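To start, the structure under review is shown below, and the notes come after it.
FYI, it's all coordinate maths here, none of it is from the lab. Worth saying up front: this structure is predicted, and the values here are computed from it rather than measured. For neighbour counting, all protein chains shown are included, and Cβ atoms are generated from backbone atoms with ideal geometry for every residue, glycine included.
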Amino acid sequence: MNNIQMNEANKRNESFIRSGEICDHQHSKLKEYYLGTATGDYRCSNCFAEL
Ligand SMILES: [Zn+2]
């Protein structure tokens, strides 16, 4: 499983939302990290929303 930084995930999620696309979250998950610590949340690898 891949990891992503929370700030990066938020940025990418905002551009996904701006693109107007729709995601069913049937994609692989990314483990969310904040400053080297896992937050316990997961992000969709397509739209970067919190799962
Ligand atoms: Zn998604």
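Please enumerate the residues belonging to the range 1-27 that are within 10 Å of the ligand (Cβ to nearest atom) and not aliphatic (A, V, I, L, M).
Asn13, Phe16, Glu21, Cys23, Asp24, His25, Gln26, His27, listed by residue number.
When residues of the range 1-30 are filtered for being assigned to a loop (DSSP other than H, G, I, E, B) and small (Gly, Ala, Ser), how many remain?
Residues meeting the conditions: 2.
Report, by residue number, each residue of the range 23-51 that is hydrophobic (A, V, I, L, M, F, W, C), surrounded by 17 or more Cβ atoms within 10 Å (Cβ to Cβ) and under 11 Å from Asn13 (Cα atoms).
Result: Cys44, Cys47, Phe48.
Would you pick out the residues in the range 12-22 that are surrounded by 15 or more Cβ atoms within 10 Å (Cβ to Cβ) and not hydrophobic (A, V, I, L, M, F, W, C)?
Arg12, Asn13
Run down Tyr42, Tyr33 and say which single residue is within 9 Å of the chain's Cα centre (by Cα) and assigned to a strand (DSSP E or B).
Unique residue meeting the criteria: Tyr42.
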